1. If you go through the stretch 112-131, how many residues are within 22 Å of Lys166 (Cβ to Cβ) and either touching a helix residue (DSSP H, G or I) at 6+ places or on another chain (Cβ under 8 Å) or surrounded by fewer than 19 Cβ atoms within 10 Å (Cβ to Cβ) (or both)?
2. Could you list, in sequence order, all residues of the stretch 50-89 that are over 27 Å from Asp173 (Cα atoms) and of a type in the set (Gly, Ala, Ser)?
3. In the stretch 86-104, what residues are closer than 16 Å to Pro8 by Cβ and either in contact with a Leu (Cβ under 7 Å, 6 or more places away or on another chain) or of a type in the set (S, T, N, Q) (or both)?
4. Given (1) of a type in the set (Gly, Ala, Ser); (2) over 15 Å from the mean Cα position of the chain (by Cα); (3) surrounded by fewer than 16 Cβ atoms within 10 Å (Cβ to Cβ), where does Gly54 come up short, assuming only one miss?
5. Would you be able to say whether some residue in the stretch 30-42 is free of Cβ contacts under 8 Å to residues at least 40 places away in the same chain, closer than 20 Å to Val171 by Cβ and assigned to a helix (DSSP H, G or I)?
6. Name the single residue, out of those in the stretch 133-174 being of a type in the set (Ser, Thr, Tyr) and in contact with a Gly (Cβ under 6 Å, 6 or more places away or on another chain), that is modelled with the lowest pLDDT.
7. Just checking, which of Ile16, Ile61, Ile22, Ile99 is assigned by TED's automatic domain parsing to the domain that holds Ile128, surrounded by 13 or more Cβ atoms within 10 Å (Cβ to Cβ) and aliphatic (A, V, I, L, M)?
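The values are calculated or read from the model by the stated rules, or taken from the named source; none is laboratory data. Just so it is clear, the model here is predicted, and its values are computed rather than measured. Every residue, glycine as well, gets a Cβ built from its backbone with ideal geometry; the counts of neighbours run over all protein chains shown.
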Amino acid sequence: MMPARERPYFVGWIAILAALPIQLIMTVWAGGFFGALSSAALGLHGGAPFVFFGLLAFIGIPCFAYFGKKLNYQRTIYSFYDDHIDFEEGFFSRNRKIIKYRDVVEVTLRKGILQRCAGLGTIYLGTIATGSSQQFNPFYALGFGNVSASGVGIRDIREPDEMYEKVRKLVDDKRQVRMQPG
């Protein structure tokens, strides 16, 4: 049987807004750290090094987030088979994971505020394997690192409520088969 395939939907303004907290923190840090280093090394006085490195971070981080997430999403595909999902992603590093529906213990739908504005959502398939969820990965906001030891997130998909019901039904059907004796 030919698998059903889904891809995440890239929205540029969401990628930029999601990187905003990191962008602001790194702007101040880069300006202070590299500005102070260059001032000390070159004997410069005034705020020019702070402004230069701060501006570099302020512009560079959203550009990195935008293009990195876009390239990552272009290479991400979720293939739904009768008994498992095959997940591939990655531009900077490639990840591939297969999760059997019978091993899924939790199906969660999350629609963040930015996702809701664009009609998107993320479905997380959790397994009993040990590991951490995606929220603890600082690069998750930039669109990287979707695979964890305990499952996979099907990120930024259109019509998330309908997709959630389809995935939940696939998982529930396989759980019923697993629980039947014999």
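1. Of all residues in the stretch 112-131, those within 22 Å of Lys166 (Cβ to Cβ) come to 112, 115-116, 118-127.
Narrowing further to those that are either touching a helix residue (DSSP H, G or I) at 6+ places or on another chain (Cβ under 8 Å) or surrounded by fewer than 19 Cβ atoms within 10 Å (Cβ to Cβ) (or both): 112, 115-116, 118-125, 127.
Matching residues across the stretch 112-131 total 12.
2. Start the filter on the stretch 50-89 by keeping residues that are over 27 Å from Asp173 (Cα atoms), which leaves 50-75.
Passing the criteria: Gly54, Ala57, Gly60, Ala65, Gly68.
3. Phe91, Asn95
4. (3)
5. Keep residues of the stretch 30-42 that are free of Cβ contacts under 8 Å to residues at least 40 places away in the same chain, which gives 30-42.
Still in the running and closer than 20 Å to Val171 by Cβ: none.
So far as the stretch 30-42 goes, no, none of its residues is free of Cβ contacts under 8 Å to residues at least 40 places away in the same chain, closer than 20 Å to Val171 by Cβ and assigned to a helix (DSSP H, G or I).
6. As a first pass, look at the stretch 133-174 and keep what is of a type in the set (Ser, Thr, Tyr): 133, 140, 148, 150, 164.
So of that shortlist, the ones also in contact with a Gly (Cβ under 6 Å, 6 or more places away or on another chain) come out as 148, 150.
Details: Ser148: 57, Ser150: 75.
Per the criteria, the residue is Ser148.
7. Values: Ile16 fails: assigned by TED's automatic domain parsing to the domain that holds Ile128; Ile61 fails: assigned by TED's automatic domain parsing to the domain that holds Ile128; Ile22 fails: assigned by TED's automatic domain parsing to the domain that holds Ile128.
When all the criteria are applied, what remains is Ile99.
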